[in-house]
Structures are given as structure tokens and as C-alpha cells.
Amino acid sequence: DVYKIGGIGTVPVGRVETGVLKPGMVVTFAPAGLTTEVKSVEMHHEALVEAVPGDNVGFNVKNVSVKELRRGYVAGDSKSNPPKGAADFTAQVIVLNHPGQISNGYTPVLDCHTAHIACKFAEIKEKCDRRTGKTTEENPKAIKSGDAAIVVLVPSKPMCVEAFQEFPPLGRFAVRD
């Protein structure tokens, strides 16, 4: 979430997932591509020299209005692998509980970190074994409850996702209809 605090300014609030966050850092917000300096970092009304993974913090940013930031944005170090929005991404999905079949074009809501965005199943590339990951069928027409598949997803608006291997919290998602 993002707050405007009188006398201080714009204060995004969120959890540090990886790396550190500290005053003086230059961060980029994705998918907006907005870059700014971190003025201060606080946790439970205490100023921090450095926030570490797991910390839920508020941080004051320079020259950014509340209107420019949204829930679901991701902030990262501008100088080191900054986050970016994805126009599409390939993901492994496991269908847990779905009435009927899912085919190309299906557009449920994806919950990934704090973002909730409709994403289209653009292409179901393959069905695979849930345990081994081995391909069991190429380009299936549809998938159903119990199936695991590799699919290309296209978000309805820019969304920040990362490879699960690199940043698990930003690569994990749930799909709901």
C-alpha cells in the first residue's frame, strides 16, 4: 500500500523479500519504471539503518506522488538487476480444483505477491507429470483438475513477476476465477 503522511510525504509500505533496503538507495518501482531515492526506512515507528528480508517496512521516497504508485508494484535496487514489468511469461501451473476444462483464452485473476491482475492463458504449451516435470503431451487442447501444465500467461496490464528459481516470493502465484 502507499500512504501520504503529512510533513513527510509519500510512504510506500511493504515487505523486504530479498536483499536490503536503506536510506540513500536509488530504487526503481516496477512495472511503472519510476526511479527515486529512499529518504528513510521505518519499522514499527523506529528508523532503520537497513531493512532485511522479512521486515515489513514503510519507506519515504523523494518526488513521487501517492497517485504514481499502486499496490502490487515492486521496488528494487536501480543499479542491480532492477525489477521490470512483464508483457507475458511462461509458468508451470497445477490445476487443483476447476469445474470443466481450461483452454487457450481462459482469463482468470492471478494473485502474485500483492498484485491481483487478470491474466490470459495465451497458450497451453504442454501437459507434464506433476512429480517429475516430464512432458506427457505437447500443445494439449485443454487441461483439467489434477493436470500440471506449462502455459504462456499474458497479464491484462503490466505486472511484475520473476523466475521462481531467482526470487521465489515474486514467482509464486495463485489463480482464481
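Derivation of every value follows stated rules applied to the coordinates shown; laboratory data play no part. Given the structure is predicted, the values throughout are model-derived calculations rather than measurements. Here the Cβ is made from the backbone with ideal geometry for all residues, glycine too, and neighbour counts use every protein chain on show.
For region 99-107, 3J(HN,Hα) computed residue by residue from phi via the Karplus equation (6.51, -1.76, 1.60; θ = phi - 60°) reads x, x, 10, 10, 10, 3, x, 4, 10 Hz, glycine and proline entered as x.
What's the ranking of 67-73, 39-45 by average number of surrounding C-beta atoms within 10 Å, highest first? List each step's numbers first, then the result.
Working: 67-73: 16.6, 39-45: 14.1.
Averaged packing, sorted descending, gives the order 67-73, 39-45.
May I ask you to derive the FRET efficiency for residue 5 and residue 95 from their Cβ-Cβ distance with R0 = 30 Å, giving the value to the nearest 0.05? According to the calculation, E is roughly 0.10.
Inverting the pair-averaged 1/r between distinct Cα atoms of the chain gives 17.7 Å as its Kirkwood hydrodynamic radius. Summary of the geometry: region 13-43 and region 138-169, compared by the centres of their Cα atoms, lie 27 Å apart.
Our estimate of slack between residue 66 and residue 125, defined as 0.36 nm per intervening residue step minus the Cα-Cα distance, is 17.3 nm.
If you average the sequence gap of Cα pairs under 8 Å that are 6 or more apart and divide by the length of the chain, what percent do you get for the contact order?
Working: 427 pairs, mean separation 36.6, N = 177.
21 percent.
Protection proxy ranking of 95-104, 10-19, by the mean of other Cβ atoms within 10 Å over each peptide's residues and highest first, is 10-19, 95-104. Taking 30 Å as R0, compute the FRET efficiency from the Cβ-Cβ separation of residue 20 and residue 176 and round it to 0.05. It comes to 0.35. Gain on full extension, evaluated as 0.36 nm per residue between residue 49 and residue 141 minus their Cα-Cα distance, stands at 27.8 nm.
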